[in-house]
Amino acid sequence: MTIRPEGAGIKIQQIRELKKSLSFPPFEAEQRIIIIEDTQTMKREAGNSLLKILEEPPPNNLLLLVAADSEPLLDTIVSRCQVIPFRSLSVDQATAIIQRNHPEFDGEEAEAMAKLTGGCPGQAGTLYNDEVLLLHKECMQALLSDGGSQAESLEQALHLASRLAELKDGLDQLFDLLALSFKENMIALLGEEKQATLGASSDGREYWNLQRLSAMVDAINAARRQLARNCNRALVCEVLLLELFA
């Protein structure tokens, strides 16, 4: 049995239904396993209801509470559980797993996924799709290209902006990738890494300085804030791309 958040979090009605199910003994096996995902999203009243189950757990039932962070949970819930921490993998370990599970990602993309998912390779396939990765590559190639007139650069920026605006669910992920590219160019310029990924090439280091890269990251953060305030999506993308191409 698996319980997942409904909407913003796990609701008290879900815990009440769980309590009702636990009043009956396991049917298909000697022991019933209940997995409660994203337990940290549980509101206080739902947490108090779950606490009553944990205080008097029914026999032959194993409850697994999965949480990204134990801080939002009631202390009394945590104290009645055996805490088993799962630590993130190193970038190299996560990169190797992502490349094995997702051969469509090249080495640079897999390493970027490992960093952006915080060493959790299982999230790579769900968070980042081919369209986002392709558009990121096109943006970086266009930004690193020094050919063409100012009018051509403007046309290219507006074209890419329209494609960004058309992304349904991947715009925030694309912002993550672009910001990572610029930050790793900054690291490369500072000499903290011999090699960098996703656009942090010698061309990028020669083309941008630290001040310019910092301004580009700031532009992405500003675009995020504007979208959070429900500003016009197409206009936000146009302003961002024009600033990146400036």
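Bear in mind these aren't lab numbers, they're just calculated from the coordinates by the rules spelled out. Every value quoted in this text rests on a predicted model; they were computed, and no experiment measured them. With ideal geometry, Cβ positions are generated from the backbone for all residues, glycine too; neighbour counts draw on all protein chains shown.
In this calculation the C-beta distance from residue 225 to residue 34 is compared with R0 = 41 Å, giving a FRET efficiency of 0.55. Just going by the charge dipole of the chain, with Lys and Arg at +1 and Asp and Glu at -1 on Cβ, which of 179, 141, 211 is farthest out on the positive end? Going by the charge dipole, the pick is 179. Remark on the chain: hydrodynamic radius 21.2 angstrom, per the Kirkwood mean of 1/r across alpha carbon pairs.
Please work out how much length the chain gains when fully extended from residue 187 to residue 100, using 0.36 nm per residue of separation minus the C-alpha to C-alpha distance, in nm with one decimal.
Details: separation 87, 0.36 × 87 = 31.32 nm, distance 2.76 nm.
Separation in residues times 0.36 nm, less the Cα-Cα distance, equals 28.6 nm.
Please give me the summed charge of the neighbours of residue 54: other residues whose Cβ is under 14 Å from its Cβ, Lys and Arg +1, Asp and Glu -1. Summing Lys/Arg as +1 and Asp/Glu as -1 gives 0. A Cβ-based charge dipole, computed about the Cα centre of region 2-79 with Lys and Arg at +1 and Asp and Glu at -1, lands at about 300 debye. Given R0 = 45 Å, the distance between the Cβ atoms of residue 232 and residue 16 translates into a calculated FRET efficiency of 0.55.
A full extension of the chain between residue 54 and residue 87 corresponds to an added length of 9.4 nm, given 0.36 nm per residue minus the alpha carbon distance. What you get for the chain, charging only the Cβ of Lys and Arg (+1) and of Asp and Glu (-1), is a dipole of about 1120 debye around the Cα centre.
One chain, two ends: residue 145 and residue 209. Fully extended at 0.36 nm per residue, the span grows by 21.5 nm beyond their Cα-Cα distance.
Entry for region 1-121 at q = 0.12 Å⁻¹: log10 I(q)/I(0) = -0.58, Debye formula applied to identical alpha-carbon scatterers, no solvent contribution.
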